[in-house]
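The values are calculated or read from the model by the stated rules, or taken from the named source; none is laboratory data. Please read these numbers as outputs of a predicted model, since none were measured by experiment. Ideal geometry is used to build each Cβ from the backbone, glycine not excepted, and the neighbour counts take in all protein chains shown. Please note that ligands, DNA and RNA were not included when accessible areas were found on the heavy atoms of the full protein model with its side chains. Shrake-Rupley method; radii C 1.70, N 1.55, O 1.52, S 1.80 Å.
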Amino acid sequence: MTREIRLPEISENVDSGEVIEVLVSEGDTIDKDQSIVELETEKAAFEVPSPLGGKVTEIAVKKGDTIRVGQVILKIETQEREDREKEESTQEKKPSETTAPRKPGEAMRAEETAAIASKESAPAQEPLPASPAVRRKARELGVDLRELEGTGPGGRILAEDVEKRAKQIITSSQGTPTGARTGAPLPDFSRWGETEAKPMSGVRRVTAENVFRAWVSVPHVTQFDRADVTELERFRKKYAKRVEDAGGKLTVTSILLKVCASALKRFPRFNASLDMEKKEIVYKKYIHIGVAVDTERGLLVPVIRHADQKGILELSVELTELAEKTRGKKITPDELQGGNFTISNLGGIGGENFSPIVYAPQVAILGVSRARMEPVYTGDNFAPRLMLPLALSYDHRIIDGADGIRFIRWIAETLENPLMLVFEGGE
Ligand code: CAO
């Protein structure tokens with residue numbers, strides 16, 4: 001029996017993606033859950049699994065196509081008996097029973113994909129709360145739909161809501177030439193030599209828009225500091241094998257996840273967002289931390305949830321898995337959302353120090369550079385100590401300089417004396 005495999009619902013606010021690679025050919029026999037296309041959306045690049053196994057009879061998309069949720073990707077010939085069984089079980093269950101609700105951050109499950117994709121006559125899902133035209137307008141104007149409250153029926157976001165928000169953004173970034181937002185016309189570079197223009201990938205485009213919006217709308221301050229991590233390095237080496245046996249890598253990033261989770265508990269303003277329209281500070285009661293991951297497609301920031309409730313061992317394993325998933329294009333858009341604070345560690349690559357850009361609507365980000373051995377004056381002589389450079393960028397509208405230095409000092413002192421996690425971390 002011929003079945004159509006359609007693009008399943010990807011994530012809230014994402015209704016289409018670009019085909020980066022078609023991973024199967026006509027005539028191939030594929031297994032259930034085998035990746036069929038690699039897709040890039042505004043939030044992530046990942047592989048779409050087939051909900052059914054069978055022989056590919058027709059491929060309906062090609063590299064470079066933009067496909068929408070519900071669109072046919074390919075047709076396969078399945079074994080009749082399996083199909084009948086599937087249909088019977090689908091008829092027996094009401095649609096809401098075919099899949100358990102996905103927990104926030106949980107990846108799309110194969111059976112969930114199947115339940116959505118194998119409904120042959122199901123119309124393309126139109127994700128709420130905005131129409132595709134409104135989403136397109138939002139993308140063009142650089143407006144984040146998640147920041148909006150719709151004024152249409154049932155809270156639906158209208159084009160007017162997007163335009164209003166765009167005007168607010170422009171007004172709040174007074175002094176910024178509008179050309180910087182849309183891209184001022186470039187000179188004709190061919191006057192000076194050969195050039196080649198290539199389209200920006202979805203990840204690059206979103207990164208460019210996000211950092212620009214954060215740069216013009218968040219008054220940044222960066223506070224620099226250094227932590228003596230000589231003892232911590234001994235701890236790291238001592239326990240590296242144990243973490244490796246559990247499937248993770250014990251690095252300064254995974255230790256920092258624990259330290260920052262405790263710092264966010266102790267300094268709740270760093271775990272908040274600012275609502276300038278309502279004149280409110282939104283304090284979050286959960287501690288989800290994003291970690292900047294360098295991938296061949298660009299910067300992606302997967303989120304570790306409830307970091308405060310996990311030990312360093314668990315955090316190390318989770319970070320290792322999440323970074324691999326991100327680099328292997330298996331990360332889902334949901335896993336890139338919901339962070340309250342971000343850690344960006346460039347120390348594995350090198351560099352002296354840098355000032356990171358706040359990942360708005362978060363209010364702070366910790367940049368980490370390469371630890372180096374330095375002579376440190378200990379009172380009567382110089383001793384070789386391993387010093388880790390830290391840089392905390394924060395939104396000065398909500399965080400004062402004194403709070404900024406207290407926060408980064410607490411992080412530095414806790415790296416130096418990890419017992420502070422127990423004494424003061426609110427564990
Ligand atoms: N100082 C000295 N050494 C460091 C270090 C630091 N700050 N950070 C990492 N290292 C070392 C690690 O210990 C490891 O060494 P060994 O292999 O000898 O043990 C090596 O560098 C590689 O580390 P890693 O990258 O595997 O692991 P990590 O947990 O430190 O980092 C991750 C994970 C995902 C953060 C990292 O791989 C990455 O992608 N970093 C780039 C982040 C980025 O692009 N930020 C820019 C965002 S723009 O603001």
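Which net charge results when you count Lys and Arg as +1 and Asp and Glu as -1 among the other residues whose beta-carbon is under 10 Å from that of Glu352? Let's see the in-between values first.
On the way: positive: Arg370, Arg372; negative: none.
Taking every other residue near Glu352 into account, the sum is +2.
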*asked:* Please report the net charge: other residues with Cβ closer than 11 Å to the Cβ of Ala371, K and R +1, D and E -1.
replied: +2
*Want the number for Thr151 to Arg372: 0.36 nm per residue separation, take away the alpha-carbon distance, what's left?*
74.2 nm
*Quick one: compute the contact order of region 322-390, relative version, from alpha carbon pairs under 8 angstrom and 6+ residues apart, as a percent.*
25 percent
_Cα Rg, Dmax (largest Cα-Cα span) when computed across region 220-424, Å_ = 16.7, 55
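Based on the Kirkwood radius over alpha-carbon pairs, what is the Stokes-Einstein translational diffusion coefficient of region 238-339 at 20 °C with 1.002 mPa s viscosity, in µm²/s?
Numbers: Rh = 14.6 Å.
It comes out at roughly 147 µm²/s.
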*Got a sec? What order do Asp31, Asp15 fall in by accessible area at 1.4 Å, biggest, i.e. largest, first?*
Asp31, Asp15
*What trypsin sites (Lys or Arg not before Pro) does region 377-427 have in DSSP loop regions with at most 13 other beta carbons within 10 Å?*
Arg397
*Filter the cross-link list Lys285/Lys325; Lys32/Lys241; Lys198/Lys278; Lys164/Lys329 down to pairs whose alpha-carbon distance in this structure exceeds 31 Å.*
Lys32/Lys241; Lys198/Lys278; Lys164/Lys329
*Heavy atoms only, probe 1.4 Å: what % of the accessible area of region 220-424 goes to carbon and sulfur, would you let me know?*
53 percent
*asked:* If I take every Cα pair under 8 Å that is 6 or more residues apart in region 220-424, average their sequence separation and divide by the length, what percent do I get for the relative contact order?
replied: 29 percent
*Along the positive direction of the dipole of region 179-302 (beta-carbon charges: Lys, Arg +1; Asp, Glu -1; about the Cα centre), which of Val301, Leu232, Val211 reaches farthest?*
Leu232
*Ordering Phe212, Phe235 by how much accessible area each has at a 1.4 Å probe, largest first, what is the list?*
Phe235, Phe212
*Sort Trp410, Trp215 from largest to smallest accessible area, using a 1.4 Å probe on the heavy atoms of the protein chains.*
Trp215, Trp410
